[in-house]
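The values are calculated or read from the model by the stated rules, or taken from the named source; none is laboratory data. The structure displayed is predicted, hence computed values, not measured ones. As a convention, Cβ positions derive from the backbone with ideal geometry for all residues, glycine included, and neighbour counts pool all protein chains shown. Areas reflect the complete protein model, heavy atoms only, side chains present, ligands, DNA and RNA absent. Shrake-Rupley method; radii C 1.70, N 1.55, O 1.52, S 1.80 Å.
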Amino acid sequence: MNAKVGTAQRHDSALKHVTGQALYIDDMPEPPGTLHGALVLSTVACGRLKKLDLAAAAISPGVSAVLAAGDIPGTNDVAAVGQGEPLFAVNRVDYAGQPLALIVAESLDAARAAVERAVVEIEEEEPILDIATALAKKAYVQAPATLLRGDPEGTLQRAPHRLTAEFSVGGQEHFYLEGQIAFALPGEDGDIVVHSSTQHPTEVQHICARLLGCDFNRITAVVRRLGGGFGGKESNASWVAGAAALAANHTRRPVKLRLPREIDMIATGKRHGFDYRYTVGFDNEGRVLALDAELAADAGWSLDLTPGVVARALTHTDNAYWIPHFRAVGYACRTNRQSNTAFRGFGGPQGVVVMEDALDRIAHRLARNPNDVRALNFYAEGKDETPYGQKVDENHLLRCWAEVKTGGALERRRAEVDAFNTGHPVLKRGLGLFPLKFGISFNLPHMNQAGALVHVYTDGSIRLNHGGTEMGQGLFIKVAQVVAEVFKVDIDRIRPSATSTAEVPNTSPTAASTGSDLNGWAAWEAANTIKQRMTAFAAEHFGVAQDDIEFADGNVRIAKPGSNQVLTFGELAKLCWLGRVSLSSTGFYKTPKIHWDPVAMRGRPFFYFSFGAAMAEVAIDTLTGESRVLRVDLVQDCGESLNPAIDLGQIEGAFVQGQGWLTCEELWWDAKGRLKTVGPSTYKIPGSRDVPPVFNVKMLADAPSREATIFRSKAVGEPPLMLATAVWTALKDAIGAATNRRAPVRLDAPATPERVLAAIERARTVAR
């Protein structure tokens with residue numbers, strides 16, 4: 001099967017996924033003597049840990065070991081950034097769900113039964129359970145960060161118009177199919193192999209070594225595939241793996257730690273919820289002159305990855321719009337909740353909503369079309385700079401905007417929606433449009449690097465390994481296509497292997513939409529090095545110039561005067577081996593041009609921007625608050641797609657996940673700070689009937705990346721999630737129709753039926 005770059009190819013594990021043959025960690029055969037772990041968790045959100053008595057648990061049937069903070073031979077710290085995040089609590093607890101101890105037993109049932117016998121006494125203290133309280137107490141996990149350009153304060157004073165508003169968006173549970181799990185197998189001399197469902201094998205290696213007090217080279221982290229990650233397995237997977245490794249090291253037996261759904265949701269972090277307050281100044285046409293915004297994130301109890309999330313939110317507050325005078329202040333609020341973490345978009349979704357809300361309000365104030373106001377404020381090609389000083393090059397905003405309006409028949413459908421609303425007193429429809437500019441690269445320049453390892457065997461088959469993890473997003477098939485393109489062989493000749501810190505070290509996480517960008521280039525470098533060696537040998541062996549050697553269709557053609565000789569790729573590989581030519585190579589890639597000053601918040605943090613646009617049509621019931629998404633039209637900039645079939649799936653899945661965040665996925669804690677939405681019965685993710693019945697997706701044509709991305713492709717993992725903001729905008733449009741547009745609409749997210757009704761009542765009250 002030929003699988004050139006740019007062609008639609010199925011996921012390399014697609015058939016195994018649908019037949020159940022794809023092996024995940026819980027499917028792995030368990031060696032004799034395998035133990036199973038269960039966590040003892042705090043049921044209190046904040047307080048002093050007075051007593052942790054595990055004696056009864058230790059003598060429970062089948063229990064092999066009980067482990068708490070005092071049993072950690074290394075450092076009791078699993079912080080991904082900074083320090084001060086213990087694996088097991090010591091002296092105090094900071095959220096309901098915090099791990100206190102681990103019990104390992106001969107069976108999972110025995111371990112879970114023993115957990116119930118642990119005696120825990122906590123002297124409760126008053127917890128901080130919301131952003132407003134944290135702001136009032138100045139409780140932060142890091143100092144506030146400010147992104148500033150120009151004179152926003154003075155410009156606001158001089159602006160012909162200004163308005164102030166506030167709103168909030170909630171967090172989001174990752175709800176991957178495969179929960180957090182790790183399987184640690186001890187070896188000789190203290191070595192441990194850890195099979196982890198992680199997006200960051202190197203961090204698993206480091207956290208395990210930190211807990212055990214050993215060198216990194218004693219820990220091998222292995223990842224064949226994840227049953228979904230979405231950011232939830234970037235840092236949280238590391239402490240789960242660390243706990244399993246701790247137990248394996250202690251017992252010298254294999255240990256599996258699998259968190260059931262409820263425990264997973266109680267113990268691990270989510271997307272950061274945000275509260276917003278902003279003032280925007282604008283002229284009579286609706287052109288934005290200045291923005292002064294406060295973005296307050298619920299960090300939870302510890303730092304985790306909050307610094308990066310807040311920084312990305314601040315650098316995406318401008319979204320698609322030129323704002324001459326700009327200030328955005330990010331507050332990382334410490335609360336007694338789960339430590340919030342990475343989630344697809346990593347702060348970007350929480351940043352782009354600010355200007356969308358502001359522009360809707362500006363349009364209402366001036367009685368103008370909100371979409372015209374949006375377009376009026378778009379960045380200009382190659383001239384305008386972001387507030388942090390990066391030029392907006394290769395600007396496809398106008399193209400995406402025009403194509404989604406045309407494809408979605410905006411003018412006709414606007415008239416149809418208005419006519420529907422006139423004739424229906426209870427049901428109301430709304431149309432919303434959203435443009436997107438999203439930066440691609442990790443916030444920290446040093447993370448933008450990748451390695452790969454390629455072997456060519458003497459039969460012409462190829463083994464590929466790189467630092468990226470496969471979590472269902474199709475990374476392995478995309479990188480395999482890159483290698484197939486280099487050697488001009490069929491994709492069937494390439495075998496991607498499990499990600500392992502023993503093969504490619506010091507990897508960055510598979511996150512920030514950079515998986516294909518980074519690992520694709522690293523694999524290209526490795527494969528091309530081998531190809532150059534093979535070409536040089538063939539030229540010498542056959543007495544021709546290197547330019548006379550051509551790789552094509554699984555063969556190698558040697559052009560000689562008067563006759564051509566053709567070998568299969570495997571035959572040339574065998575000749576190279578006989579000629580003592582190395583057929584193995586590493587490859588390395590680091591993203592060029594990026595730099596960032598985190599104090600001044602200036603630089604070029606992104607290699608390039610991805611653009612897109614969306615149009616959504618919704619309906620609401622003004623008596624119940626229920627809503628439905630009826631149709632969406634999307635245009636996404638993928639550059640020259642490496643694999644259109646994979647990218648289409650990513651766009652569709654990301655959009656629906658974003659739709660869930662903004663409409664139905666509500667996290668709820670009780671007055672004691674205990675999470676109560678802990679499974680599918682209480683936490684609603686979008687189902688098949690929530691997918692828009694009319695779902696039109698288009699990839700922007702003839703838009704190869706101008707930057708030297710791998711085969712001129714662009715990232716696709718995260719940007720389409722933000723296109724779901726069009727649904728939120730459409731819901732506000734429908735609410736406006738229900739109130740005769742007499743008042744601006746405040747709609748907090750997720751837009752549950754209760755919040756839709758509250759928004760209708762609020763708008764009606766303001767209009768009275």
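Three principal axis extents describe the C-alpha atoms of region 345-424; from largest down they are 49, 28, 25 Å.
Expressed as a whole percent, the accessible area of the chain that falls on carbon and sulfur atoms is 51 (1.4 Å probe).
Entry for region 69-179 at q = 0.12, 0.13, 0.24 Å⁻¹: log10 I(q)/I(0) = -0.77, -0.86, -1.46, Debye formula applied to identical alpha-carbon scatterers, no solvent contribution. Rolling a 1.4 Å probe across the protein heavy atoms gives region 1-97 an accessible surface of 47 Å² per residue.
Considering region 425-557, its Cα convex hull presents a mean projected area of 13.4 nm².
Grab the beta carbon distance between L163 and A708, set R0 = 51 Å, and tell me the FRET efficiency rounded to 0.05.
0.75
By the Stokes-Einstein formula, at 0.890 mPa s and 25 °C, region 279-404 with its Kirkwood radius over alpha-carbon pairs has D equal to 157 µm²/s.
Please report the orientation-averaged projected area of region 428-500, defined via the convex hull of its C-alpha atoms, in nm².
On the way: hull surface 35.6 nm².
Hull-based average projected area comes out at 8.9 nm².
Checked against a 24 Å cut-off, the cross-linked pairs K405/K698; K256/K676; K391/K590; K270/K590 give Cα-Cα distances beyond that limit for K256/K676; K270/K590.
Of the peptides 303-311, 127-135, the ranking by mean beta-carbon count within 10 Å, highest at the top, reads 303-311, 127-135.
Volume of the convex hull of region 516-559 (Cα atoms only), normalised per residue: 71 Å³. Per residue, the convex hull spanned by the Cα atoms of region 684-730 amounts to 132 cubic angstrom. Where the centroid of each part is defined by its Cα atoms, how far is region 369-388 from region 281-342 in Å? Measuring centre to centre over Cα atoms gives 19 Å. Only Cα sites of region 438-479 enter the Debye sum here, all with the same form factor; the resulting log10 I(q)/I(0) across q = 0.31 1/Å is -1.09, listed in q order. Annotation: per residue accessible area for region 336-380 equals 23 Å², rounded to a whole number [probe 1.4 Å, protein chains only]. Computed over the chain, the alpha-carbon pair-distance distribution with 10 angstrom bins reads 3, 14, 23, 24, 19, 12, 5, 1, 0, 0, each value a whole percent. Can you work out D for region 348-483 in µm² s⁻¹ from Stokes-Einstein, where Rh is the Kirkwood radius over C-alpha pairs, the temperature is 20 °C and the viscosity is 1.002 mPa s? This corresponds to a translational diffusion coefficient of 108 µm²/s. Projected onto their three principal axes, the Cα atoms of region 620-768 cover extents of 56, 39, 27 Å, largest first. Region 415-466 and region 733-764 have Cα centres lying 29 Å from one another.
At 1.4 Å probe size, with every protein chain present, just tell me what the per residue accessible area of region 150-207 comes to in Å².
Values: 2060 Å² over 58 residues.
Accessible area per residue, region 150-207: 35 Å².
Eigen-decomposition of the gyration tensor built on the alpha-carbon atoms of region 189-271 gives equivalent ellipsoid semi-axes of 21, 14, 11 angstrom, largest listed first.
Take the Kirkwood radius over Cα pairs of region 503-642, plug it into Stokes-Einstein at 20 °C and 1.002 mPa s, and you get 105 µm²/s for translational diffusion. Size descriptors for region 225-320 (Cα atoms only): Rg and Dmax, in that order, 20.4, 73 Å.
Taking one quarter of the surface of the C-alpha convex hull of region 128-210 gives a mean projected area of 11.0 nm². Annotation for region 111-179 versus region 509-580: alpha-carbon center distance of 53 Å.
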